[in-house]
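Contents: one structure, followed by commentary.
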Amino acid sequence: MPNAVELSGLTKAYGALLAVDHISFRVPEGEIFGFLGPNGAGKTTTIRMLTGLVTPTEGTAKIFGLDIQNEAKEAKRCMGIVWEESNVYPELSAWENLAFAGEIYHVAKKRRETRAHELLEMFGLLARKEDKVGGFSKGMKRRVAISMALINSPRLLFLDEPTSGLDVQSNMMIRDVIRNENRKGTTVFLTTHNIEEANQMCDRVAIINRGKIVAIDSPENLRKTIKSAQSIEVSFYGTGEPSEGELRMIQSVSRVISSGGKFRLFTDDPPVALEGLWDYARKRGLRIMGVNTLGPTLEEVYVSLTSSAEVGRRS
Amino acid sequence: MDQCARRLMFLEELEAAWAIAKKDIKIYYLKAPTLMFAILFPFAMFFAFAVGREVPLNTLIPGLVSITVFFSASSIGPSALPLERRIKAYDRLVSAPISPYTVIIGKVLSGAIFGLIIGSLILAASLPIFGMQLSNLLGLLLGLVLASLCFSMLGIMLAMLPRENPGDVMLLLNFIRLPLIFISGIFIKVDALPYWGQAVSAFSPLTYANDLMRLAFEGTSAFSPLLSTAVLVGFSAAFLYVGRRIDMRTRG
Ligand SMILES: Nc1ncnc2c1ncn2[C@@H]1O[C@H](COP(=O)(O)OP(=O)(O)OP(=O)(O)O)[C@@H](O)[C@H]1O
Ligand SMILES: [Mg+2]
């Protein structure tokens, strides 16, 4: 499968500041890719380069193999973009906004109208389609902006903080639509400050800090990078009495702490430890009452990566 | 690329340009600042400098039509583009799969159509009121259309400066527009100007637009209509080129 996005050595300098500093990675087609990083890390600048709004100082970016600088028009045709601000036209109705987006993306009239109808329905805005967007709430404007990005049924969808500052209902609706489009084959490239959102939605995430990629992997694997912090909490009932020493012998378990009738097993590989735990319980005639895997959260990984990189940069 | 694909692409660009123009028409034509600069302003100038003086109607009416077209066509760009930039909707145009020229052409069309409409209204009103006769229809059509395009392009060119406040661009535009009124034969015929004034007037597109308009009303003109046409087309092309350069330079 082709890569939806492929950047190599992509760099943007604003004077002496390297807003984006020689970043290279690929996003395969079909993925939901999350781009995380603190304020000012360079997320928006990266998206602006990938969408042809800003010319890179150095490096190249390809969209489905098309160079965004030299084959701009063909590359742009494959994309839908949701900007950080909901840049809808307040003077136009929801319907007119969508029609306009369709027109400048060369979507034929028939197709445009069916699609606009479908999108407004998905976002629960059909009843308000003739109303001027200026009177819409923040969440409604964002939904219109996302609909505008989807009007051309893009193969690749960019979203810059699509859910920031919105209520739970709007967020759920937006996430559902994004997942839905992804299921239908759209590659999604999104930035977010909501780590739980990235954890739930993204196949892979990249963490960017001060213009540099500090980690890129699946949320699962990223969590594993802080090995020592992973543990399994287990409690038993039954006739036998488990012992700390025996539990310590289970494969991949490095340390055991017992307290309040519960045992906490530290491991660098929770699935393996869990299997061992199951075997152990069966052999000893113990029944497992409850088990909990406690991992480092993606948030812990994020904080550790973005703060350590900051220290590294200063030295 | 074969002929057919090329024609298709051209049509696509044209459609996109028209979509941009249509949207601007819907949004900006009826905004108060647009209307003020486009209509009130030229009328104020007209009453301040022309009425009451011994200026023949034959000079007065073409002059009024010229300056209303001049002001209205050039006002749309400076009032629309900075606002679009402020709400970041301009980013959508830049990242759409269309040529940067298509964006400019779309904007030029919206300004030019505005100029045409306002100019035609003034014309339609003043013909019966002052009992004027048209003596050269071709001159009128050429004058109206070319002036609208050229002055709209002037406004768009300035609006390509990366400003988010319409007032900034309007200020600069007026800095150019106001002096041009006095050296372009609107209230004072060019041949009545001192020598330096005549020299400067040759560099004002308004001179040629107004000359075409006088041809339409009086049947005589200082320059050949062919020359005026060529000069107005030349100015439009130059504004387009400079506008695109500004756009390229100032984008991050
Ligand atoms: N046009 C510009 N001119 C100068 N500096 C800029 C420009 N655009 C961005 N920067 C700088 O580049 C850096 C990265 O900004 P960017 O907007 O990409 O961050 P971000 O990761 O999107 O942050 P946020 O989470 O706040 O949206 C910042 O230091 C910013 O000040
Ligand atoms: Mg940002």
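For a straight C-alpha distance cut-off of 16 angstrom, the lysines reachable from A:K76 (same-chain residues fewer than eight places away being disregarded) are A:K62. Mind checking which of B:Y208, B:Y195, B:Y101 has the largest fluctuation in a GNM of chain B, springs on alpha carbons under 10 Å? Of B:Y208, B:Y195, B:Y101, the most mobile in the Gaussian network model is B:Y195. Count the DSSP beta bridges whose two residues both fall in the range A:126-232, then state the antiparallel fraction as a percent rounded to the nearest 5. Bridges in the range A:126-232 that DSSP calls antiparallel: roughly 50 percent. Taking GluC sites (Glu not before Pro) in DSSP loop states with no more than 16 other Cβ atoms inside 10 Å as exposed sites, chain B has its longest site-free stretch at B:55-163.
Count neighbours as other Cβ atoms within 10 Å of each site's Cβ, and list the GluC sites (Glu not before Pro) in the range A:118-160 that are DSSP loop with at most 10 such neighbours.
A:E130
For every other residue with a beta carbon closer than 13 angstrom to the beta carbon of A:R128, add +1 if it is Lys or Arg and -1 if Asp or Glu, then tell me the sum. My count for the surroundings of A:R128 gives 0. May I ask you to derive the FRET efficiency for A:T60 and A:K262 from their Cβ-Cβ distance with R0 = 56 Å, giving the value to the nearest 0.05? So the FRET efficiency works out to roughly 0.55.
Counting other C-beta atoms within 10 Å, and keeping those with at most 14, which DSSP coil chymotrypsin sites (Phe, Trp or Tyr not before Pro) do you find in the range A:1-102? In loop regions of the range A:1-102 (DSSP not H, G, I, E or B), there are no sparsely surrounded chymotrypsin sites (Phe, Trp or Tyr not before Pro). Dipole magnitude for the protein assembly as shown: computed about the Cα centre from +1 point charges on Lys and Arg Cβ and -1 point charges on Asp and Glu Cβ, it is near 100 debye. Remark on A:S218: its backbone amide H falls under 5 Å from those of A:V205, a criterion applied only to residues 5 or more positions apart or on other chains, H modelled at 1.01 Å from N. Amide H contacts of A:S258 (H built 1.01 Å from N, in plane; Pro and chain starts excluded): A:R264 sit under 5 Å, all sequence-distant by 5 or more or on other chains. Summing Cβ point charges (Lys, Arg +1; Asp, Glu -1) relative to the Cα centre of the range A:5-219 gives a dipole of roughly 320 debye.
Our summary gives the range A:204-297 a relative contact order of 34 percent, counting only alpha carbon pairs under 8 angstrom and 6 or more residues apart.
For the range A:172-177, 3J(HN,Hα) computed residue by residue from phi via the Karplus equation (6.51, -1.76, 1.60; θ = phi - 60°) reads 5, 4, 5, 4, 4, 4 Hz, glycine and proline entered as x.
Quick one: net charge of B:L171's neighbours, Cβ under 11 Å, K/R +1, D/E -1?
+1
Report for the protein assembly as shown the percent antiparallel among DSSP-assigned beta bridges with both residues inside it, nearest 5. Restricted to the protein assembly as shown, the bridges split so that about 70 percent are antiparallel. Partner aspartates and glutamates whose Cα lies under 16 Å from the Cα of B:K189, excluding those fewer than 8 positions away in the same chain, are identified as B:E54, B:D211, B:E218. Along the charge dipole of the range A:227-295, pointing to its positive end and built from +1/-1 on Cβ of Lys, Arg, Asp and Glu, which listed residue (A:G260, A:G245, A:Y280) has its Cα farthest out? So the residue furthest toward the plus end is A:G260. Rounded to the nearest 5, what % of DSSP beta bridges with both residues in the range A:5-219 are antiparallel? Among the beta bridges of the range A:5-219, antiparallel pairing accounts for roughly 55 percent. A 1.4 Å probe over all protein chains sorts A:M140, A:M49 by accessible area into A:M140, A:M49, starting with the largest. The order of A:Y280, A:Y237 by accessible area, most exposed first and with a 1.4 Å probe, is A:Y237, A:Y280. Computed about the Cα centre, the dipole magnitude for the range A:87-191 is approximately 300 debye when only Lys and Arg (+1) and Asp and Glu (-1) carry charge, each at its Cβ. Taking 19 Å as the limit for the C-alpha separation, the pairs B:K26/B:K107; A:K73/B:K23; A:K212/B:K88 exceed it in the case of A:K73/B:K23; A:K212/B:K88. Taking amide H atoms as placed 1.01 Å from N in the peptide plane, the amide H of A:H193 has no partner under 5 Å among residues 5 or more positions away or on other chains. Residue by residue, the range A:88-101 carries 3J(HN,Hα) couplings of 8, 8, x, 7, 9, 6, 4, 4, 5, 4, 5, 4, 5, 4 Hz when phi is fed to the Karplus relation 6.51 cos²θ - 1.76 cosθ + 1.60 (θ = phi - 60°); x denotes Gly or Pro. With contributions of -39500 (n - 2.57) from each DSSP H run of at least four residues, the per-residue ellipticity at 222 nm computed over chain B stands at -26000 deg cm²/dmol.
Tally Lys/Arg at +1 and Asp/Glu at -1 over every other residue whose Cβ is under 12 Å from the Cβ of B:E84; what's the total?
+3
What percent do you get for the relative contact order of chain B when only Cα pairs under 8 Å and 6+ apart count? The normalised contact order for chain B reaches 25 percent. Accessible surface comparison of A:M289, A:M249, probe 1.4 Å, protein chains only, largest first: the order is A:M249, A:M289. Couplings for the range B:169-175, taken from phi via the Karplus curve 6.51 cos²θ - 1.76 cosθ + 1.60 with θ = phi - 60°, read 6, 4, 4, 5, 4, 5, 4 Hz in order; Gly and Pro are left as x. Charges on Cβ only, +1 for Lys and Arg, -1 for Asp and Glu, centred on the Cα centroid of chain B; of B:V108, B:A124, B:F71, which one is farthest towards the dipole's positive end? Final value for the positive-end residue is B:V108. Projecting the Cα atoms of A:S164, A:I63, A:A215 onto the charge dipole of the range A:5-219, computed from C-beta unit charges around the Cα centre, puts A:I63 farthest toward the positive end.
The values are calculated or read from the model by the stated rules, or taken from the named source; none is laboratory data. Keep in mind it's a predicted model, so treat the numbers as computed, not measured. In this analysis, Cβ positions are derived from the backbone assuming ideal geometry, glycine residues included, and neighbour counts consider all displayed protein chains. All accessible areas refer to the heavy atoms of the entire protein, side chains included, with ligands and DNA or RNA removed. Shrake-Rupley method; radii C 1.70, N 1.55, O 1.52, S 1.80 Å.
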